[in-house]
Amino acid sequence: MACLLLRHNETDVQIPTTEEVESITFYKIIVRVGEVSWKVDRRYNEFHILHNQLVADHGISKDILPSKKVIRNKCPPFIEARRKGLEEYLQKTFIFLKRTMPRVFVEFLHFHLYDIYFLLQDLSVRCFEKAESILPLDNSYTFTPLELYSISEFLSKPFPIIDNIDNKLDLSSVLELCAQLDKLTIQGSCHEYLQSNIVFNALSFELSSFKVIKSLCLKNVDVNMIYSLGNLRSTVLELQVHDTQIISISQILQCDVLHKDTIIGSEKWSVLKTLDLSNNKLEVIDGTISLAKNLTSLNLSNNKIPNILNLVHLPNLQMLNLTNNLITVCEDLHTKLGNILTLNLSQNGIVTTKGFRKLYSLETLDLSCNRVTQIEEIKYIAKLPCLENLILTGNGVSTSVDYRVTVLEYFGNRAKYICLDNERPTQAELDKVSVMHALRILKEGKTPNLLTEKFSGEH
């Protein structure tokens with residue numbers, strides 16, 4: 001990351017090329033600070049405006065800017081001569097101003113976008129201006145890894161102060177905002193930022209500045225670059241992590257721990273209730289999930305998980321979403337899930353419901369878009385006493401003759417309470433279920449009690 005203050009001797013400004021766009025000549029500036037470089041495109045008129053400000057306010061010599069030329073100012077020899085002249089102008093001006101770096105010069109060369117010190121100046125101003133509107137409303141803010149890296153670096157290293165008093169950095173407004181935020185979003189990227197060679201996800205950062213965060217969302221962030229979570233484990237109620245390359249939950253819950261697969265008591269997420277790790281590359285539900293024992297909701301949809309493991313360590317878990325994974329076998333789920341209320345296993349490869357038969361607390365089961373083909377599979381879930389919502393669309397079983405009535409008939413007297421594929425049974429369906437149920441009892445050699453076997457749509 002660029003830092004002019006610490007790399008004065010490794011800074012360079014050049015204009016190696018020009019480009020004509022719609023008859024306008026742009027001078028392609030390249031700024032380099034250490035290993036970081038970026039491009040800035042400027043017209044001659046912009047140089048002229050800058051120069052007038054620097055002459056008026058910062059003591060730059062009036063005669064060092066290449067003069068204007070009205071006639072033949074588009075011919076290649078003139079453009080090349082002007083390019084060299086403007087490059088020399090920038091280099092001389094930079095040497096003259098690099099100890100004071102007036103704001104107009106900082107913005108002209110885009111130091112405020114890429115350099116730690118000047119980026120933090122901008123961030124400090126934004127935080128000061130927005131604090132009054134952010135905190136009373138939803139108390140949330142989105143940072144980039146670049147901003148968090150800059151904050152982390154500034155807090156950990158001594159930075160010299162630029163001579164210009166107007167450019168002294170006061171980070172108090174940034175730190176005050178961080179300390180009061182309830183909701184934090186970090187938006188990463190694996191691409192180069194704007195016209196620089198900076199990649200957000202190659203920057204390390206820490207989060208100790210955030211004191212009371214209750215909702216934390218990481219989007220397309222390389223979690224391996226987070227080297228400290230501060231006290232977030234004791235404050236975060238809701239954690240969302242999306243669009244990352246993580247393959248195990250340990251990479252999230254222990255992102256700042258050297259040995260991520262080792263479960264350490266002090267690393268518990270003591271108040272975490274909702275964990276959303278959808279849309280990642282997860283291949284396993286590893287044992288570190290036990291660090292979040294108070295979870296009530298877990299979303300692992302759109303990953304690559306083949307088995308349901310280690311969730312017995314979550315005694316309070318009520319909602320589990322495993323949509324669009326690689327699950328084909330669900331055996332004895334009652335020994336793995338405890339008192340689950342809502343279970344979504346849509347878009348997997350499940351062929352039988354036998355493993356669900358003892359989930360006595362289950363209220364909602366979504367098995368849509370699996371491979372259940374036999375109508376007899378319904379018998380395993382029909383006796384679940386709390387089940388009220390069942391979704392089977394997208395399975396072979398849903399194309400069978402009299403599908404809805406046949407499924408509902410398995411539930412016997414409870415058929416009227418079952419919402420099948422997001423639709424309540426009609427009275428006509430219930431009447432058919434009543435007849436089918438009576439016929440089934442006769443077939444079994446029993447005598448139906450028509451008073452008790454008569455179904456009604458009324459509760």
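The values are calculated or read from the model by the stated rules, or taken from the named source; none is laboratory data. Note that the coordinates shown come from a computational prediction; the quantities given were computed from them, not determined experimentally. Note: ideal-geometry Cβ built from the backbone for every residue, glycine included; neighbour counts use all protein chains shown.
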Requested in this report: State whether the residues of the range 153-174 include one that is within 18 Å of Arg7 (Cα to Cα), modelled with pLDDT of 90 or more, part of a helix (DSSP H, G or I) and more than 34 Å from the chain's Cα centre (by Cα).
Outcome: no
Report task. Determine the pairs where a residue that is more than 21 Å from Val241 (Cα to Cα) and among the acidic types (Asp, Glu), located within the range 186-200, has a partner that is at pLDDT 95 or above and assigned to a loop (DSSP other than H, G, I, E, B) with Cβ atoms under 7 Å apart, the partner being 6 or more residues away or on another chain. Result -> Glu192/Ile198
Query raised in the report: Just wondering, is there one or more residues in the range 362-371 that are among the basic types (Lys, Arg), surrounded by fewer than 17 Cβ atoms within 10 Å (Cβ to Cβ) and in contact (Cβ under 8 Å) with a residue 24 or more places away in the chain?
Result: yes
Query raised in the report: What are the residues in the range 85-97 that are surrounded by fewer than 18 Cβ atoms within 10 Å (Cβ to Cβ) and under 23 Å from Tyr193 (Cβ atoms), if any?
Result: Phe94
Query - Number of positions in the range 231-256 that are surrounded by fewer than 17 Cβ atoms within 10 Å (Cβ to Cβ) and small (Gly, Ala, Ser) - result: 1
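Give the residues of the range 1-35 that are under 19 Å from Ile95 (Cα atoms), in a strand (DSSP E or B) and either modelled with pLDDT under 95 or hydrophobic (A, V, I, L, M, F, W, C) (or both), sorted by residue number. So that I can check it myself, show each step before the final result.
If we filter the range 1-35 for residues that are under 19 Å from Ile95 (Cα atoms), which is where we start, we get 2-16, 29-34.
Then drop every residue that is not in a strand (DSSP E or B), which leaves 2, 11-16, 29-33.
Within the range 1-35, Ala2, Thr11, Asp12, Val13, Ile15, Ile29, Ile30, Val31, Val33 meet the criteria.
For the range 278-289, enumerate the residues that are part of a helix (DSSP H, G or I) and surrounded by fewer than 17 Cβ atoms within 10 Å (Cβ to Cβ).
Result: Gly287, single match.
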Report summary line: Scanning the range 383-408 for residues that are part of a loop (DSSP other than H, G, I, E, B) and in contact (Cβ under 8 Å) with a residue 24 or more places away in the chain gives Lys383, Leu384, Pro385, Cys386, Leu387, Glu388, Leu392, Thr393, Gly394, Asn395, Ser400, Asp402
Report task. Scan Leu442, Leu451 and give me the residue that is loosely packed, with under 12 Cβ neighbours inside 10 Å, modelled with pLDDT under 70 and in a helix (DSSP H, G or I). Result -> Leu451
Report task. Only one of these is within 30 Å of Ser152 (Cα to Cα) and surrounded by 16 or more Cβ atoms within 10 Å (Cβ to Cβ): Leu6, Leu54, Leu65, Leu50. Name it. Result -> Leu6
Query raised in the report: If you go through the range 259-277 one residue at a time, do you hit one that is in contact with a Lys or Arg (Cβ under 6 Å, 6 or more places away or on another chain), without any contact (Cβ under 8 Å) to a residue 60 or more places away in the chain, under 30 Å from Cys386 (Cβ atoms) and not in a loop (DSSP other than H, G, I, E, B)?
Result: no
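Name the helices (runs of 4 or more DSSP H) wholly inside the range 43-132 in which the number of residues that are more than 30 Å from Asp170 (Cα to Cα) is 3 or more. Step through it out loud before you land on a result.
Working: elements: 44-58, 76-97, 103-108, 111-114.
Here the list reads 44-58, 76-97.
What are the residues in the range 99-109 that are under 16 Å from Val40 (Cβ atoms) and surrounded by fewer than 20 Cβ atoms within 10 Å (Cβ to Cβ), if any? Talk me through it step by step, then tell me what you get.
At the first step, the residues of the range 99-109 found to be under 16 Å from Val40 (Cβ atoms) are 101, 103-109.
Within the range 99-109, Arg103, Val104, Glu107 qualify.
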Query raised in the report: Can you pull out the residues in the range 314-344 that are surrounded by 18 or more Cβ atoms within 10 Å (Cβ to Cβ) and touching a helix residue (DSSP H, G or I) at 6+ places or on another chain (Cβ under 6 Å)?
Result: Cys330, Leu333, Lys336, Leu337
Query raised in the report: Going by the conditions given, is Lys268 under 26 Å from Glu176 (Cβ atoms) and of a type in the set (Lys, Arg)?
Result: no
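Would you point out which residue out of Thr18, Thr11 is of a type in the set (S, T, N, Q), crowded, with 16+ Cβ neighbours inside 10 Å and in contact with a Ser or Thr (Cβ under 9 Å, 6 or more places away or on another chain)? Before you say what the answer is, go through the steps one by one.
Working: Thr11 fails: in contact with a Ser or Thr (Cβ under 9 Å, 6 or more places away or on another chain).
None of the others qualify; the one that does is Thr18.
Looking at this structure, is Asn348 of a type in the set (S, T, N, Q), within 34 Å of the chain's Cα centre (by Cα) and buried (at least 19 other Cβ atoms within 10 Å of the Cβ)? Don't jump to the end; show me each part of the working.
Details: of a type in the set (S, T, N, Q): yes; within 34 Å of the chain's Cα centre (by Cα): yes; buried (at least 19 other Cβ atoms within 10 Å of the Cβ): yes.
For Asn348, the condition - of a type in the set (S, T, N, Q), within 34 Å of the chain's Cα centre (by Cα) and buried (at least 19 other Cβ atoms within 10 Å of the Cβ) - is met.
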